[in-house]
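What follows is a short report on a single structure.
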Amino acid sequence: MPVRSPVLTSAQQTSRFDPRITTTQATLAMPADESAPAQPAAPAEAITPAEPAPVGGLKITSQSWRRGGLGSKALITFTLRNRNDYAVKDIEISCAFARRDGSHLTDRTRVIHDTVNMKSRKTFARLHVGFVNINANKAKCALVTASHI
């Protein structure tokens with residue numbers, strides 16, 4: 001004869017052998033006052049940024065790429081123009097590589113931990129962005145994000 005546990009509540013069945021009876025019954029708790037209408041949500045205030053994102057004032061003005069390291073490394077040379085009224089740092093770029101026919105091969109990202117002063121340009125020469133497929137023939141880099149100094 002099975003021993004019954006004193007922990008069982010009245011909502012549970014006590015038989016352990018019949019799977020149809022051993023299910024636990026649960027009841028959902030209803031709110032205390034069902035007659036009270038739901039409060040409408042307060043209108044959300046429009047959140048406007050005090051100033052545009054730092055990456056908005058950045059632009060890649062020229063770019064080129066070449067292979068290095070026995071043809072497996074992508075070395076990007078580009079000029080970055082900062083039109084912001086402040087310096088930026090930790091600039092993240094993303095480069096997409098494609099075959100000669102334009103079909104996509106791979107993407108590589110890189111964070112540049114250098115500073116570009118306000119209202120200036122800076123050239124980054126032969127920056128290693130990662131390893132690429134040997135069939136890659138074209139590269140196009142774009143800015144992803146930057147940090148305000």
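The values are calculated or read from the model by the stated rules, or taken from the named source; none is laboratory data. Model, not experiment: these values are computed from the prediction. Ligands, DNA and RNA are excluded from the accessible area calculation, which covers all protein heavy atoms including side chains. Shrake-Rupley method; radii C 1.70, N 1.55, O 1.52, S 1.80 Å.
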Worksheet item: Got a number for residues in the stretch 87-145 being open to solvent by 60 Å² or more (accessible area, probe 1.4 Å) and of a type in the set (A, V, I, L, M, F, W, C)?
Response: 5
Worksheet item: Would you call residue 56 part of a strand (DSSP E or B), of a type in the set (Gly, Ala, Ser) and either open to solvent by less than 60 Å² (accessible area, probe 1.4 Å) or modelled with pLDDT under 95 (or both)?
Response: no
Worksheet item: In the stretch 63-106, which residues are within 30 Å of residue 119 (Cα to Cα) and acidic (Asp, Glu)?
Response: 85, 90, 92
